[in-house]
1. Under 5 Å between amide H atoms, partner at least 5 residues away or on a different chain: which partners does Val67 have, H built in plane at 1.01 Å?
2. Would you calculate the volume per residue, in Å³, of the smallest convex hull containing every Cα atom of segment 15-84?
3. For the chain, give the magnitude of the charge dipole about the Cα centre (Cβ charges: +1 Lys/Arg, -1 Asp/Glu; no others), in debye to the nearest 20.
4. On the full set of protein chains, 1.4 Å probe, figure out the accessible area of Thr6 and give it in Å² to the nearest 10.
5. Just to be sure I follow: if Rg is taken over the C-alpha atoms of segment 47-111 and Rh is the Kirkwood radius over the same atoms, what is Rg/Rh?
6. How would you order 9-19, 50-60 from highest to lowest mean count of nearby Cβ atoms within 10 Å?
7. Of the options Ser34, Asn11, Ala99, report the single residue whose Cα projects farthest towards the positive end of the charge dipole of the chain (beta-carbon charges: Lys, Arg +1; Asp, Glu -1).
8. Okay, helix-only estimate at 222 nm for the chain: each DSSP H run of n ≥ 4 adds -39500 (n - 2.57), divide by all residues, round to 500 deg cm²/dmol; what do you get?
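The values are calculated or read from the model by the stated rules, or taken from the named source; none is laboratory data. Please read these numbers as outputs of a predicted model, since none were measured by experiment. We place every Cβ from the backbone using ideal geometry, glycine too, and count neighbours over all the protein chains shown. These accessible areas exclude ligands, DNA and RNA; they are computed on the full protein's heavy atoms, side chains included. Shrake-Rupley method; radii C 1.70, N 1.55, O 1.52, S 1.80 Å.
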Amino acid sequence: MTDTHTSPTGNRLLAMLAALDNPHRLRIIAALASGGRNYISQLARDLGISRPLLHLHLQKLEHAGLVTSQLELSHDGKALNYFEASPFELLLTPASIAAAASTLTPNPDPS
């Protein structure tokens, strides 16, 4: 999770920007930010996308630290994986990009 008061490293910034470079993932963040935490099946219904596709997008967002998940048991014993938006703030200026670029590893992982 990225602290809202610190700038991400270059590799972290690339992961965050890559995760946000998709309309489905922007909608997922928006839904979690406005509606609060939710589990995959309900979130998929709300967004009108399949659970497998949603799961792939949530994995990318979680890898970038933009969402978190927690597995819980429902009243009837079903395992539900709840997701919620992580607090983050990105300020993109030439200076913040330069600062992040100075921390890049030589060959950042493109995933």
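1. Distant-sequence amide H within range of Val67: Glu62, Ser86.
2. It is 79 Å³ per residue.
3. Dipole size: approximately 240 debye.
4. Estimated to the nearest 10 Å², Thr6 gives 70 Å².
5. Computed over Cα atoms, the ratio is 1.13.
6. Result, highest mean first: 9-19, 50-60.
7. Final value for the positive-end residue is Ser34.
8. That comes out to -14500 deg cm²/dmol.
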